[in-house]
2 protein chains.
Amino acid sequence: MGQYTAPLRDMQFVLHELLNVEAEVKNMPKHADLDADTINQVLEEAGKFCAEVLFPLNQIGDREGCTYEGDGVVRTPAGFKQAYKQYVEAGWPALGCDPEYGGQGLPAFVNNALFEMLNSANQAWTMYPGLSHGAYECVHAHGAPELQKTYLPKLVDGTWTGTMCLTEPHCGTDLGMLRTKAEPNSDGSYAISGTKIFISSGEHDLAENIVHLVLARLPGAPMGTKGISLFIVPKFIPTDAGAPGERNGVKCGSIEHKMGIHGNSTCVINLDNANGWLVGEPNKGLNAMFVMMNAARLGVGMQGLGLTEIAYQNSLVYAKERLQMRSLTGPKAPEKAADPIIVHPDVRRMLLTQKAYAEAGRAFTYWAALNIDKELSHADESARKDAADLVALLTPVIKAFLTDNAFEGTNMGMQIYGGHGFISEWGMEQYVRDARINMIYEGTNSIQALDLLGRKILGDMGAKLKKFGKLVTDFVEEEGVKPEMQEFINPLADIGDKVQKLTMEIGMKAMQNPDEVGAAAVPYMRTVGHLVFSYFWARMARIALDKEAEGDPFYKAKLATARFYFAKLLPETASTIRAARAGSKTLMDYDEALF
Amino acid sequence: MGQYTAPLRDMQFVLHELLNVEAEVKNMPKHADLDADTINQVLEEAGKFCAEVLFPLNQIGDREGCTYEGDGVVRTPAGFKQAYKQYVEAGWPALGCDPEYGGQGLPAFVNNALFEMLNSANQAWTMYPGLSHGAYECVHAHGAPELQKTYLPKLVDGTWTGTMCLTEPHCGTDLGMLRTKAEPNSDGSYAISGTKIFISSGEHDLAENIVHLVLARLPGAPMGTKGISLFIVPKFIPTDAGAPGERNGVKCGSIEHKMGIHGNSTCVINLDNANGWLVGEPNKGLNAMFVMMNAARLGVGMQGLGLTEIAYQNSLVYAKERLQMRSLTGPKAPEKAADPIIVHPDVRRMLLTQKAYAEAGRAFTYWAALNIDKELSHADESARKDAADLVALLTPVIKAFLTDNAFEGTNMGMQIYGGHGFISEWGMEQYVRDARINMIYEGTNSIQALDLLGRKILGDMGAKLKKFGKLVTDFVEEEGVKPEMQEFINPLADIGDKVQKLTMEIGMKAMQNPDEVGAAAVPYMRTVGHLVFSYFWARMARIALDKEAEGDPFYKAKLATARFYFAKLLPETASTIRAARAGSKTLMDYDEALF
């Protein structure tokens, strides 16, 4: 049950009216010829594929799940394989890839928009091509030319898929503890042995080969994270002709039974003297893997956005159809047995929360993807550097803030459905279960918060934060004098000031006591997330004010959602700032024996 | 996997040190002889049963679920029937029941403590006896003597179980729309026909008979909620000797597949000219059913408390065992490969949130149960009235605030477990799924919030709220002069003032526009919940300060948790108050066409 329609109008609003991508790509030689029509056409086609092919498989995938058939063989749910075939045949895996390896060379922001829609339609399925794209980016950035020549065309055309093999039973967050070993072979390859767990898309029946990117230790490597190297370990070793050859010693041992994303295989991967090839420098594996991890973190944020959008769409349909009680201000549909529940203020609060989070999340992530394009392709070096800093700063915010919001948004969907929300057939409870993993994998949201506050902000004395802050203050200065913008600019300026003060305060305290960072990080993350959302809502409101007179209700809705955001959601920061300021004392003075 | 130990020490603290129940029952003639030793012995025995019999069935129940075997027959998961047999044989169903019908006549606060433990051990199983007890209370309060004589002894000894049949496919919250019909038979009984859905424990194999309490309409009954009557509809019609006789026309049509509580059957119940007997007055059925609904709402709050406690216990074990990363202030377990994750501030934040919510929830609900006993049994009429008002006021807070907190607490459990939290085998994700229904059934938490603000508070111009407010101000006046209590009394007094002002403000606005109630209700509910928790944390801190010198670490922990609560959790109200004050404008000005 349920429905999905790609939110093309809002996607186009963000790309063309908010971000003005057609003008932006003029500064990127390799994308300079891209025009808005082409982008819109791609998105429209992608939207169709998502709505017609992937979305109908979402509940089937959840109900059926993946099956471990023994001896390393995993079967995906009915229809997944056929959908993947269609995806490959339509050339979608190549969309954002390098033309040198068969890619279509479109910017990251287009690929990002594709992934929003894929995730709305079917998150579990999307993780197969999603991880492949991460593997592509990693090998593209760090692989030796011969590895690139062998693997990239296959990842680009989608005939092979990828995985990232980091976690082991005793180490997830703490990769420094990993034990998988890599012994050099005489032919320049390595023999890799160990056990990896929680490997998403680790084994399946969608593609003829699977390319594992595996972290392991070379003999005599230093302890901790400085002794980790990265290897490419294919399921079938490519022949000289590039076809899948000999079966490699990398095998799925079992799959996990889990709360959600049942259609994606979460595998134990056993490596038994598997042939592997070094990617990047010895002992610099984590550095190379970070390319993939950052891509994955943005990808997880897009999962959050996709689920928020689909939850909103279906909640809205239900809220307009379900008749229950009368409005407190008198019947709104007197001809019916009761009013549709959308008349009730609290149902509207939930719908508008979903909508405000989805639309701000879209603005934020598409803008971030545009900055990835700038980082990679802008003609001007300082523009590349600025963009890189903004992306580095805000990647943990995209991952954590958007997935927190998606959990809230999907749970609101369940709540709007009432009792039916808890029943599998109606589809809403699956979104909650699927959304839950996004707060955990690719670094828990606590780890993202530590990365933001400890590494990205305090780690460079706030330099990167200042770059984002400058965007905010420039906008505030430009718009703050205009009366019609007061209602948006005042709260934006206020949260900007508060973040600055809060950051200074924590920074000072952290110099005395590093635990202050850990104690403040999670509420600090929520606070920064709202600063970013306030900025984008104010910018979107500016555009909507300019175009409101044209009469398109889209702009009226945008303005009304902006007003809702500032009135009802931004106030969360009143408590997150207090919680962040409350410090570490009540946490750390608590004797472990007293728990 | 996992473990459960009844938190007897804290339960005894609440009953004897905080509430002083032994002294309180002296004012209740029918409980006057009850002493602390007896209570403690009962709790200890109950704790054993929960830990040894019920808890081991919790994951099995989730994995196996209930099975619809066709023709109205439902099988419960392996072990459920045997556990129920043991429960009945030990006399637990009779604990809080009237001795006239075979009950043990213990006060509600003892029965409440039993249900906390049952819910920690196995919520899905506990719903079978839980609904029976609600049915017992309803028939005890409103049934005619012959119905009481027939049904109560069977509900008391547990050989029969009960259900409440309210919801129909087109009406959940809005019972005024219900269509099930009751036609008078010549023998004084009624022929009941209709379809009920979401009937928890509606069919199963635990007991020889099932007593359905069914809402239906008499011929010519007024429209809406004033035309609803309540009927008792047994699965098997009792013979004159009181044994299950002829099969009645009430049958399970199917069971739901749902997100959680898999071990409890959620049934479609078809009534086809089923024999029913009127409970209470014609057309006053909702009034009679409210006894059961209020009991059920308190019961759902206890489900929230039970899950918060079990999530805490298992999170704590994991946090002490799991080694990952080093403390930011330097290694705490240098002899190990990494520190246990309990050294990290954010893990402590989550553990202490669970703990603070569990302990305040325990104090609050046991106090509420004591007030139910006062309402029913206190020698003094004005004491009975005061207690009744406090219970009526705070029932929706217990239901909504505690189940919100349980969802947060169980989710924090998953987060502490990291990736393992998402894997079924580890047990944490089941708690999240089970906890989720508690926010929906027996009136969604939005409905509870409306009940609190609209009916219980504004409905009597704040009279009931003033009664709770007086408890707070009395305590503030008494303790506010003592320096050692400043850190607790100041924030308590502050939140008390704020709730008062906020209530007045919303009350004024609501007179102009009733939608202001709906717009403010949910954040208002969270604010009042924190007022209640602040009051109990301040009272518990007072006791702990008095006894700290005795050297029992229990009191040291209690004080430290109180400090954590005021520093880190109460600040939520900074945003809930702002959101409540933000009013209805941005919600209701939003044209429906713009969503």
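The values are calculated or read from the model by the stated rules, or taken from the named source; none is laboratory data. Here the structure is a predicted model, which is why all the values come from computation and not from measurement. All Cβ positions, glycine included, derive from the backbone under ideal geometry; neighbour counts span all protein chains shown.
Taking the stretch B:444-464 on its own, how many of its residues are touching a helix residue (DSSP H, G or I) at 6+ places or on another chain (Cβ under 7 Å) and either part of a loop (DSSP other than H, G, I, E, B) or under 21 Å from A:PHE407 (Cβ atoms) (or both)?
Our first condition is that a residue be touching a helix residue (DSSP H, G or I) at 6+ places or on another chain (Cβ under 7 Å); within the stretch B:444-464, this holds for B:444-446, B:448-454, B:456-458, B:462, B:464.
Filter again for either part of a loop (DSSP other than H, G, I, E, B) or under 21 Å from A:PHE407 (Cβ atoms) (or both), leaving B:444-446, B:449, B:462.
Going through the stretch B:444-464 one residue at a time, the tally reaches 5.
Comparison of B:GLN59, B:GLN12, B:GLN3 shows that the only residue that is modelled with pLDDT of 95 or more and not assigned by TED's automatic domain parsing to the domain that holds B:CYS97 is B:GLN3. Flag: A:LYS181 matches the condition of being more than 14 Å from every other protein chain (Cβ to nearest Cβ) and charged (D, E, K, R). A:ALA83: surrounded by 18 or more Cβ atoms within 10 Å (Cβ to Cβ) and free of Cβ contacts under 8 Å to residues at least 60 places away in the same chain, yes or no? Spelling it out, A:ALA83 is indeed surrounded by 18 or more Cβ atoms within 10 Å (Cβ to Cβ) and free of Cβ contacts under 8 Å to residues at least 60 places away in the same chain. Looking only at residues of the stretch A:93-117 that are buried (at least 21 other Cβ atoms within 10 Å of the Cβ) and closer than 19 Å to A:TRP160 by Cα, we find that the one that is farthest from the chain's Cα centre (by Cα) is A:GLY103. Screening A:LEU328 on (1) assigned to a helix (DSSP H, G or I); (2) within 10 Å of chain B (Cβ to nearest Cβ); (3) farther than 30 Å from A:VAL110 by Cα shows it passes everything except condition (1). The residue of the stretch B:548-580 that is farthest from A:THR576 (Cα to Cα), among those that are facing chain A (nearest Cβ under 7 Å) and among the basic types (Lys, Arg), is B:LYS556.
Answer yes or no as to whether A:GLY583 is over 24 Å from A:ILE398 (Cα atoms) and within 14 Å of chain B (Cβ to nearest Cβ).
Numbers: over 24 Å from A:ILE398 (Cα atoms): yes; within 14 Å of chain B (Cβ to nearest Cβ): yes.
Answer is yes for this residue.
Per-residue answers, yes or no, for (1) modelled with pLDDT of 95 or more; (2) in contact with a Leu (Cβ under 9 Å, 6 or more places away or on another chain); (3) among the β-branched types (Val, Ile, Thr):
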| site | (1), (2), (3) |
| --- | --- |
| B:ALA368 | yes, yes, no |
| B:ILE372 | yes, yes, yes |
| B:ASP380 | yes, no, no |
| B:ILE416 | yes, yes, yes |
| B:ARG433 | yes, no, no |
| B:ARG436 | yes, no, no |
| B:SER446 | yes, no, no |
| B:ALA449 | yes, no, no |
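Residues checked against (1) in a loop (DSSP other than H, G, I, E, B); (2) out of contact with any strand residue (DSSP E or B) (no Cβ under 9 Å at 6 or more places or on another chain); (3) closer than 26 Å to A:TRP367 by Cα:
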position	(1), (2), (3)
A:SER120	no, yes, yes
A:GLY130	no, no, yes
A:VAL139	no, no, yes
A:THR150	no, no, no
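Of all residues in the stretch B:189-225, which are more than 30 Å from B:HIS262 (Cα to Cα) and either without any contact (Cβ under 8 Å) to a residue 12 or more places away in the chain or touching a helix residue (DSSP H, G or I) at 6+ places or on another chain (Cβ under 8 Å) (or both)?
So the first thing to find is which residues in the stretch B:189-225 are more than 30 Å from B:HIS262 (Cα to Cα), and the list is B:189-191, B:217-225.
Across the stretch B:189-225, the qualifying residues are B:ARG217, B:LEU218, B:GLY220, B:ALA221, B:MET223, B:GLY224, B:THR225.
Within the option set A:GLY202, A:GLY188, A:GLY220, being at pLDDT 95 or above, assigned to a loop (DSSP other than H, G, I, E, B) and within 14 Å of another protein chain (Cβ to nearest Cβ) holds for one residue only, A:GLY202. With respect to being under 30 Å from B:THR586 (Cα atoms), modelled with pLDDT of 95 or more and buried (at least 20 other Cβ atoms within 10 Å of the Cβ), A:LEU492 fits the description.
Tell me, please, whether a residue that is under 25 Å from the mean Cα position of the chain (by Cα) and away from chain B (no Cβ under 14 Å) can be found in the stretch A:507-528. Yes, the conditions are met somewhere in the stretch A:507-528. Within the stretch A:231-265, the set of residues being more than 14 Å from every other protein chain (Cβ to nearest Cβ) and not in a strand (DSSP E or B) comprises A:LYS235, A:THR239, A:ASP240, A:ALA241, A:GLY242, A:ALA243, A:ASN248, A:GLY249, A:GLY263.
The number of residues in the stretch B:201-226 that are surrounded by fewer than 17 Cβ atoms within 10 Å (Cβ to Cβ) and among the hydrophobic types (A, V, I, L, M, F, W, C) comes to 1. Filtering B:ILE423, B:ILE416 for residues that are among the β-branched types (Val, Ile, Thr), buried (at least 24 other Cβ atoms within 10 Å of the Cβ), more than 20 Å from the chain's Cα centre (by Cα) and not assigned by TED's automatic domain parsing to the domain that holds B:CYS165 leaves a single hit, B:ILE416. The residues on offer are B:ALA392, B:ALA383, B:ALA360, B:ALA379, and the sole one that is more than 25 Å from the chain's Cα centre (by Cα), away from chain A (no Cβ under 14 Å) and in contact (Cβ under 8 Å) with a residue 40 or more places away in the chain is B:ALA379.
Does B:MET289 satisfy being surrounded by 17 or more Cβ atoms within 10 Å (Cβ to Cβ), touching a strand residue (DSSP E or B) at 6+ places or on another chain (Cβ under 9 Å) and within 14 Å of chain A (Cβ to nearest Cβ)? Against the criterion (surrounded by 17 or more Cβ atoms within 10 Å (Cβ to Cβ), touching a strand residue (DSSP E or B) at 6+ places or on another chain (Cβ under 9 Å) and within 14 Å of chain A (Cβ to nearest Cβ)), B:MET289 does not qualify.
State the number of residues belonging to the stretch B:449-473 that are in contact (Cβ under 8 Å) with a residue 60 or more places away in the chain and within 14 Å of chain A (Cβ to nearest Cβ). Working first, answer last.
Step one: list which residues in the stretch B:449-473 are in contact (Cβ under 8 Å) with a residue 60 or more places away in the chain, which gives B:449-450, B:452-454, B:456-457, B:463-465, B:467-468, B:471-472.
From the residues that got through so far, the ones that are within 14 Å of chain A (Cβ to nearest Cβ) too are B:449-450, B:452-454.
Qualifying residue count for the region: 5.
Counting only helices (runs of 4 or more DSSP H) that sit completely within the stretch B:1-113, those holding 3 or more residues that are touching a helix residue (DSSP H, G or I) at 6+ places or on another chain (Cβ under 9 Å) and farther than 28 Å from B:ALA538 by Cα correspond to B:36-49, B:58-64, B:80-89.
Taken over the stretch A:122-155, residues that are farther than 14 Å from A:PRO238 by Cβ and hydroxyl-bearing (Ser, Thr, Tyr) amount to 4.
Within the stretch A:122-151, can you find the residues that are away from every other protein chain (no Cβ under 14 Å), aliphatic (A, V, I, L, M) and surrounded by 24 or more Cβ atoms within 10 Å (Cβ to Cβ)? Before you say what the answer is, go through the steps one by one.
Step one: list which residues in the stretch A:122-151 are away from every other protein chain (no Cβ under 14 Å), which gives A:122, A:125-126, A:128-151.
When the remaining residues are screened for being aliphatic (A, V, I, L, M), the result is A:131, A:135, A:139, A:141, A:144, A:147.
Within the stretch A:122-151, A:LEU131, A:ALA135, A:VAL139 qualify.
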